[in-house]
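To start, the structure under review is shown below, and the notes come after it.
The values are calculated or read from the model by the stated rules, or taken from the named source; none is laboratory data. Keep in mind that this is a model prediction, so the values were computed, not measured. Counting neighbours? That spans all protein chains shown, and the Cβs are built from the backbone with ideal geometry, glycine included. Side chains included, ligands, DNA and RNA excluded: accessible areas come from the protein's heavy atoms. Shrake-Rupley method; radii C 1.70, N 1.55, O 1.52, S 1.80 Å.
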Amino acid sequence: MKRISEQFAEDLEEIDEIERGIKTRRLSAIETSNIRSRGGEKTVSQVLQILKLMEQTEKSIRPPSGHGEKIIILGKAFILKRDLEIWDFTFSQAKFNPVATKKEDVQAHKHDDFLGMKCLDLFDGKSHCIEPTDLPRLERYQKISRLYGLRKTLWNKDRFCDTLSSALAGYNEEYMEFVFPCWLLPSMYDDLMQKARTVYKGKSFIAKPTDRGEGNGINVLDNIRELANWKALYPENDEIVVQTYLPNPLLINQRKWDMRTYVLVTSVHPLRVYMYRDGLVRFASSIYDANAKGGGKKTAFLTNTSVNKKAGIDVEDLTWPFPKVYAYMKKVGIDADLLWERIERAVVQLLLSAEPQFVRGFKKLQNDYTCVNCYQLLGVDVIVDSDLVPRVIEVNGEPSMQLSGEKDSHYDFTKKSMAHDLVALIYSRDSFASALANDLTELELSGYAIGYEDLGSCGDGAAVEICLRKHDIEYLLDMKKEEQNMGGFRRIYPNKIGDYYTKYLNHLESKMPYGTDRSTPRIHKLITELSKQSKWKSDNSVEDDAFFKGREEQRDEEED
């Protein structure tokens, strides 16, 4: 296998140095004697019972003593060629044992002792990594980088449209503008034409084939006549997606742009999601003309790097890192903090909307299956209008981790640091049972009544706000572990602003399949209360002094 460059190793050392300087609140595990009872409200015996329960639960979801550090890496050939190098090196640097293999070897039980599976594929793992029916049989501690059902829920353009349309149907609150209205043609043709004549009269639309990427086949349609003749533009497509076209994008230096945010989902049901503090802003290479017919040049209304680099412009000139965009907005008087908060909310609303559809897929594998072994890094593309309203454009389930190879490239720096931090977050073996017991006890002492099913404190007549079952505690332990190893990730859900999503969550409950466990609203409420007490760290801002300084120093070197 090709050796990673010395420059890569130097960059990872720089990442470690920068992250050590970031202001974070890290809670170390406490001794039992430090879990205090106040005014006799909680007896020492009760506290010890809670601690013992946390420890027993944690033991059941951790690898057994002496278990190896094998990480198997497999998938589709061209993605392996593109991304294997960065993952092989990152796992090796973290003292794991990465092994490149094939699905046939996994099916032959040659790697049953793996700790993690890095699946590099364009599907939900079925074709090149693991059969979906094998997922429920994994050990609880084994991790796989694949959310089962993502392709049929958010990754495909048509399924993205279906999922969001279904989730928002019947929601009577003020319309949540975190996505664009969308229609699948020909099945939704009549509704589209009716809306084009009324609600969106005089507006433009954007059409996309469902089976192509990198900006291929995208057209802007300016009037209802062009909509009616859509088949002439797509003679070989049985189905296309049509969305409203953004008439007022926020411009930077007269150019259109969008944001590739990197989003890590570590649990689907209930949802748990992180956003990386650095991402890539991608620019169109031509000046934007709002009055141009059909959107004008492709290089003016499309921001795909694959499209715009054909204009002979270097990737570095077509992309900015988040800290540079943040600094630019501050300089020109744009409320960057408000924008970042809105972007995070848009991404959370998107993923909450998808949870019912994910659960339907899980139930087809096994009734009580929740994909607890699964995580996935997503590339979520967001565009912002001149009123600072962000909307999610699409989701990429396998964002490229290929490096440009250019020295001191911010494009490469973002990907290297993110891979480094992802491995630390997912694969930490530290124990947080006593820290979790302390958090829960402190919350109870503040007046929030918690019951524990395994301790018999959830019975009839028990006045509790929440009854924690074994899988709830497993969820909390996983979160506690992750929050102490976030690096550059920021937990955007659940967190202290959970009340913002409560109405929408209540709406989504009606979309869940019959008999679904109501774990999402239960955990949502608990974590919101814990976060308000600042016991659970979720803040990790793009403007952290140490990280921002490191990024600017890197940019200064590039400009010199």
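Descriptive notes on the structure:
Yes/no per residue for (1) of a type in the set (A, V, I, L, M, F, W, C); (2) part of a loop (DSSP other than H, G, I, E, B); (3) in contact with a helix residue (DSSP H, G or I) (Cβ under 9 Å, 6 or more places away or on another chain):
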| residue | (1), (2), (3) |
| --- | --- |
| Met117 | yes, no, yes |
| Leu122 | yes, yes, yes |
| Arg146 | no, yes, yes |
| Cys161 | yes, no, no |
| Leu192 | yes, no, yes |
| Lys195 | no, no, no |
| Ala207 | yes, no, yes |
| Asp211 | no, yes, yes |
| Gly217 | no, yes, yes |
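- Residues being of a type in the set (Val, Ile, Thr) and open to solvent by less than 10 Å² (accessible area, probe 1.4 Å) - total across the range 281-302: 1
- Against the list (1) within 18 Å of the chain's Cα centre (by Cα); (2) not in a loop (DSSP other than H, G, I, E, B), the condition Asn495 fails is (2).
- Near pairs, Cβ below 7 angstrom, 6+ apart or cross-chain, from the range 507-528 (free of Cβ contacts under 8 Å to residues at least 24 places away in the same chain) to any residue that is open to solvent by less than 30 Å² (accessible area, probe 1.4 Å): Glu509/Pro521; Pro521/Leu505
- Residues of the range 340-374 that are assigned to a helix (DSSP H, G or I), among the aromatic types (Phe, Trp, Tyr) and over 19 Å from Gly498 (Cα atoms): Phe358, Phe362.
- Tyr452 vs. criteria closer than 22 Å to Glu344 by Cβ, buried (at least 19 other Cβ atoms within 10 Å of the Cβ) and at pLDDT 90 or above: no
- Cross-chain or 6+ apart pairs with Cβ under 7 Å, the range 430-442 first and under 12 Å from Leu53 (Cα atoms) and modelled with pLDDT of 90 or more, then open to solvent by 20 Å² or more (accessible area, probe 1.4 Å) and not in a helix (DSSP H, G or I): Ser434/Ala29; Ser434/Ile30
- Scanning the range 262-313 for residues that are in contact (Cβ under 8 Å) with a residue 40 or more places away in the chain, charged (D, E, K, R) and assigned to a loop (DSSP other than H, G, I, E, B) turns up Arg277, Asp278.
- Meets criteria (of a type in the set (A, V, I, L, M), within 30 Å of Leu120 (Cβ to Cβ) and out of contact with any Cys (no Cβ under 8 Å at 6 or more places or on another chain)) for Val395: yes
- Residue in the range 38-54 that is nearest to Tyr448 (Cα to Cα), counting only those that are surrounded by fewer than 17 Cβ atoms within 10 Å (Cβ to Cβ) and not polar (S, T, N, Q): Glu41
- Pairs, first assigned to a loop (DSSP other than H, G, I, E, B) in the range 465-491, second aromatic (Phe, Trp, Tyr), C-beta under 8 Å, six or more apart: Glu465/Tyr448; Gln484/Phe432; Met486/Tyr274; Gly488/Tyr276; Gly488/Phe547
- Some residue of the range 409-429 being modelled with pLDDT of 90 or more, over 26 Å from Trp340 (Cβ atoms) and either open to solvent by 40 Å² or more (accessible area, probe 1.4 Å) or out of contact with any helix residue (DSSP H, G or I) (no Cβ under 6 Å at 6 or more places or on another chain) (or both): yes
- Filter result for the condition that a residue is surrounded by 14 or more Cβ atoms within 10 Å (Cβ to Cβ) and either among the polar types (S, T, N, Q) or under 20 Å from Asn156 (Cβ atoms) (or both), over Asp278, Asp238, Asp211, Asp222: Asp211
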